[in-house]
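Here the structure is laid out as structure tokens; the discussion comes afterwards.
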């Protein structure tokens, strides 16, 4: 490895901060002896400011810490990709941490990343973070973006979608196709704002004078297997003709459940999903779903964060990301009986 | 944030290394004045060795750097999961880096992670790493595991599968089902050891006296869309009855290509995949595929790495991970005509 400021620190006994300032031409408050020692040692060791050393001097590391709940979920890996593409194009790299939805681990990772002197953080979290996490971030003046379903009240830097609107949109598509018995697969309370999507579904049904049965609502894990189990239960106990599945991972399981019960999509059952993961257009039938701009959410978070790093006094903007219904083959018009 | 060794370093002007040694009771070679100054400052600042400070003292950070080519690929996110579960259970955390298959970025990330004092590295790479990367790793005595298709010759710590055997296994299953016109979807040379899988396919056909046509081989990108395009081309130009697709992501596209051409799986075309991603058992028909123990590869890498960190003088073992044909519905016996 090339010679770093650390090596100079070890050799001279002068602190890294001091050396950084001296080498960066901001060392006038230090004694001439110290300055000479540092310059001489840098010369003796053939110190060359490389990419990282340069960053140490400018007090920037050009790395961003990013914490996500579950990296194996294509939703989050897309979000990471969006952030990463933007950051890489601007010479920043990501140190990625997987919290497994665990709030203790999130707190530890924030601390860990701060110890490693990242320039800023993007935290996608389903949890309320410990208050000392915010104290740390504020004390160190580290900009951060929360992708947190607006669980923490902040005046600035909120990047979000309207989940109520999304739930309404999915349900309205099914109503427009003449369905009146419309089920919904929800999930336990986690990162996804499923509660508001459920309210959107209910709001839409009420608006159209459809009185929903509570038996039409089934909860499951936010996985393929969770979607499979919940859909199977729902289809075995109700006579719905349409189904809103609140995330696309669960739709994969819903398709299998229908197949095993001899129920054909969309002839016997129309399905609308949520997210629009890559797989949606490869499924048979292709999936009608509410598209979240997942990649753009990650990208926008990165963009806002870099702006905050470069303009520390400026307030960050808030941004509502647009949702869009992508109509494919999985939902069809109910023929009059 | 709690008081850290860094704060003591700033206050005293004594280097972090020195303070660590003094607080860790290994400071006898430093002057009594220095030792007193450090202890007094630690007391003044109400310094408490917390998780991370403790690690700085013991010269361990309990973090592992992991570099993967593409985090959005379910193959790698499974691998990360395996490593992470093992490491978390042993109080280690992962800093994850996505190289996007880019070798310059890999080199930068290694440097970056070393600057951040990780205890060891797991590097999943399709590339030949720059030789100075190894110099750095060796100089700093940082243990590392390469998941690299054995591209670098190392005597120890090789965790691998036999891709030739896997390709042979997939093809033999199709031959046993009486197929003689068997195509293969390969991909550009990247992380996956597709070349050896192709050789396994060819070796198996030769063994059974089947002379393969070069028109049966089609290359594509290792994505759903790559699989779709390659399969479509292949099915439009040949009369194969079976197909070995060398990774499961591409199978998703292959299914769609067959569907659009009115070719039914497995009645008109038998398919065998490679990897056994989670989706494989949800597809319609469910996918017969060669299972790679992806999760276990990550887990084993983590296990070997921790062992190397704890026993720096011991040589790491090599381990060949087992492959297994998972028979589901996508390949069926060819009826005599």
Helices (runs of 4 or more DSSP H) wholly in the range A:80-198 with at least 3 residues that are within 14 Å of another protein chain (Cβ to nearest Cβ) - which ones? A:103-115, A:131-139
Determine whether the range B:143-151 contains at least one residue that is more than 27 Å from residue A:97 (Cα to Cα) and either assigned by TED's automatic domain parsing to the domain that holds residue B:201 or surrounded by fewer than 21 Cβ atoms within 10 Å (Cβ to Cβ) (or both). yes
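Residues are listed down the side, and each one gets a yes or a no for (1) outside the structural domain of residue B:187 (by TED's automatic domain parsing); (2) touching a helix residue (DSSP H, G or I) at 6+ places or on another chain (Cβ under 8 Å); (3) on the phi > 0 side of the Ramachandran plot; (4) not in a loop (DSSP other than H, G, I, E, B):
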residue	(1), (2), (3), (4)
B:265	no, yes, no, no
B:273	no, yes, no, yes
B:307	yes, no, no, yes
B:312	yes, no, no, no
B:316	yes, yes, no, no
B:334	yes, no, no, no
Residues in the range B:202-218 that are crowded, with 16+ Cβ neighbours inside 10 Å and closer than 25 Å to residue B:260 by Cβ total 3
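Tell me whether the range B:247-257 contains one or more residues that are more than 14 Å from chain A (Cβ to nearest Cβ), touching a strand residue (DSSP E or B) at 6+ places or on another chain (Cβ under 8 Å) and modelled with pLDDT of 95 or more.
At the first step, the residues of the range B:247-257 found to be more than 14 Å from chain A (Cβ to nearest Cβ) are B:247.
Still in the running and touching a strand residue (DSSP E or B) at 6+ places or on another chain (Cβ under 8 Å): B:247.
With modelled with pLDDT of 95 or more added as a condition, the list becomes none.
No, every residue in the range B:247-257 fails to be more than 14 Å from chain A (Cβ to nearest Cβ), touching a strand residue (DSSP E or B) at 6+ places or on another chain (Cβ under 8 Å) and modelled with pLDDT of 95 or more.
What's the total number of residues in the range A:199-214 that are in a helix (DSSP H, G or I) and closer than 13 Å to residue A:240 by Cα? Lay out the reasoning, then the answer.
The first filter runs over the range A:199-214 and keeps only residues in a helix (DSSP H, G or I), leaving A:199-207, A:214.
Those still in the list that are closer than 13 Å to residue A:240 by Cα too: A:214.
Matching residues across the range A:199-214 total 1.
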Looking only at the range A:258-294, which residues are free of Cβ contacts under 8 Å to residues at least 40 places away in the same chain, away from every other protein chain (no Cβ under 12 Å) and farther than 19 Å from residue A:323 by Cβ? A:261, A:262, A:263, A:268, A:269
I want to confirm something. Restricting to the range B:8-24 and keeping residues that are modelled with pLDDT under 85, more than 7 Å from every other protein chain (Cβ to nearest Cβ) and in a helix (DSSP H, G or I), which single residue is surrounded by the most Cβ atoms within 10 Å (Cβ to Cβ)? B:19
Residue under question is residue B:168, and the condition is that it be in contact with a helix residue (DSSP H, G or I) (Cβ under 6 Å, 6 or more places away or on another chain) and either outside the structural domain of residue B:76 (by TED's automatic domain parsing) or surrounded by fewer than 18 Cβ atoms within 10 Å (Cβ to Cβ) (or both); does it hold? yes
Selected residue (criterion: farthest from residue B:147 (Cα to Cα)) from residues of the range B:29-75 that are within 13 Å of chain A (Cβ to nearest Cβ), surrounded by fewer than 18 Cβ atoms within 10 Å (Cβ to Cβ) and at pLDDT below 70: B:50
Quickly run through the range B:229-254 and pick out the residues that are within 22 Å of residue A:280 (Cβ to Cβ) and crowded, with 24+ Cβ neighbours inside 10 Å. B:230, B:231, B:245, B:247, B:248, B:249, B:250, B:251, B:252, B:253, B:254
What are the residue pairs meeting all of these: first residue in the range B:236-257, first residue not assigned by TED's automatic domain parsing to the domain that holds residue B:194, second residue surrounded by 24 or more Cβ atoms within 10 Å (Cβ to Cβ), Cβ atoms under 6 Å, and 6 or more apart or on different chains? none
Only one of these is surrounded by fewer than 19 Cβ atoms within 10 Å (Cβ to Cβ) and within 19 Å of the chain's Cα centre (by Cα): A:98, A:132, A:88. Name it. A:88
Could you figure out which of (1) free of Cβ contacts under 8 Å to residues at least 40 places away in the same chain; (2) within 14 Å of another protein chain (Cβ to nearest Cβ) isn't true of residue B:216? (2)
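The values are calculated or read from the model by the stated rules, or taken from the named source; none is laboratory data. Model, not experiment: these values are computed from the prediction. Because the Cβ atoms are built from the backbone with ideal geometry, glycine has one as well, and the counts that use them run over all protein chains shown.
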